[in-house]
Amino acid sequence: MSGSGGKNSPKFRNVALGSLYWRHVLPLQADDLSELMNGPIRAKLKIIPDSVTWGGQAAEVFSNMAGDFMKPVVSVVDDLLCAGINVTVYNGQLDLIVDTVGQEGWVKQLKWKKLDQFKSLRWKPLHLQSRETAAFYKSWENFSFYWILRAGHMVPSDQPETSLKMLRMVTNQDK
């Protein structure tokens with residue numbers, strides 16, 4: 001599949017994969033987003049090494065990763081949690097590709113010893129400065145789950161302020 005971008009446009013043998021790329025990845029390669037991520041976001045977080053820069057996903061990378069899309073990762077997440085590594089799951093309330101109910105479903109399959117404590121928690125509202133409820137979350141020790149309101153599959157582009165607040169919370173930079 002070739003897009004409308006001319007001779008330098010990525011081509012995909014799989015039409016559905018090409019459609020996903022054009023719909024979800026290409027818009028994130030805009031210069032404005034690169035400037036935001038590598039400018040004010042980097043400056044505010046103060047934890048991103050100088051050697052790391054944000055960049056849009058290349059069509060070749062997207063195509064080569066296609067075999068990993070939508071694969072179960074329950075055992076991988078279990079291994080990470082058991083090793084004491086912090087794991088954060090987040091998704092948009094309006095995501096039709098990776099819906100919240102499906103996310104909650106695979107989380108319930110974890111064999112993590114502390115899953116019962118996590119499941120017993122109530123969802124807490126996450127408020128922005130405007131006091132608007134922007135998300136709900138729960139967190140137990142090294143596992144957190146964020147449900148971002150009014151966001152689809154591309155949470156950071158749909159709800160940038162909420163995404164930044166979540167990122168600050170995850171990195172303990174929220175003040």
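The values are calculated or read from the model by the stated rules, or taken from the named source; none is laboratory data. Remember, it's a predicted structure, so these values are computed and weren't measured experimentally. In this analysis, Cβ positions are derived from the backbone assuming ideal geometry, glycine residues included, and neighbour counts consider all displayed protein chains.
Residues that are among the β-branched types (V, I, T), within 19 Å of N91 (Cβ to Cβ), in the same structural domain as C82 (by TED's automatic domain parsing) and more than 15 Å from the chain's Cα centre (by Cα) are absent from the stretch 159-173 altogether.
For the stretch 116-152, a tally of residues being among the β-branched types (V, I, T) and crowded, with 16+ Cβ neighbours inside 10 Å returns 1. Of all residues in the stretch 12-31, those satisfying the criterion of being among the aliphatic types (A, V, I, L, M), at pLDDT 70 or above and either outside any helix (DSSP H, G or I) or touching a helix residue (DSSP H, G or I) at 6+ places or on another chain (Cβ under 9 Å) (or both) are L17, L20. Restricting attention to the stretch 71-84, does a residue exist that is within 25 Å of Q159 (Cβ to Cβ), surrounded by 15 or more Cβ atoms within 10 Å (Cβ to Cβ) and free of Cβ contacts under 8 Å to residues at least 12 places away in the same chain? Within the stretch 71-84, not a single residue is within 25 Å of Q159 (Cβ to Cβ), surrounded by 15 or more Cβ atoms within 10 Å (Cβ to Cβ) and free of Cβ contacts under 8 Å to residues at least 12 places away in the same chain. Scan the stretch 43-83 for residues that are under 19 Å from Y146 (Cα atoms) and either of a type in the set (G, A, S) or in contact with a strand residue (DSSP E or B) (Cβ under 9 Å, 6 or more places away or on another chain) (or both) and the total you get is 3. Quick check on my filter: what residues within the stretch 124-144 are in contact (Cβ under 8 Å) with a residue 12 or more places away in the chain, more than 30 Å from W22 (Cβ to Cβ) and not hydroxyl-bearing (S, T, Y)? The answer is K124, L126, L128, F136, K138, W140, E141, N142, F143. Summed over the stretch 91-124, residues that are at pLDDT 95 or above and among the hydroxyl-bearing types (S, T, Y) total 1. Kindly indicate whether any position in the stretch 37-49 is within 28 Å of R23 (Cα to Cα) and either assigned to a strand (DSSP E or B) or of a type in the set (D, E, K, R) (or both). Looking through the stretch 37-49, at least one residue is within 28 Å of R23 (Cα to Cα) and either assigned to a strand (DSSP E or B) or of a type in the set (D, E, K, R) (or both). Going through (1) more than 14 Å from the chain's Cα centre (by Cα); (2) surrounded by 14 or more Cβ atoms within 10 Å (Cβ to Cβ); (3) among the β-branched types (V, I, T); (4) more than 27 Å from C82 (Cα to Cα) one by one, V155 falls short only on (1).
Taking the conditions exactly as written (within 26 Å of M37 (Cβ to Cβ), surrounded by 12 or more Cβ atoms within 10 Å (Cβ to Cβ), aliphatic (A, V, I, L, M) and not assigned by TED's automatic domain parsing to the domain that holds M37), does A66 satisfy them or not? No.
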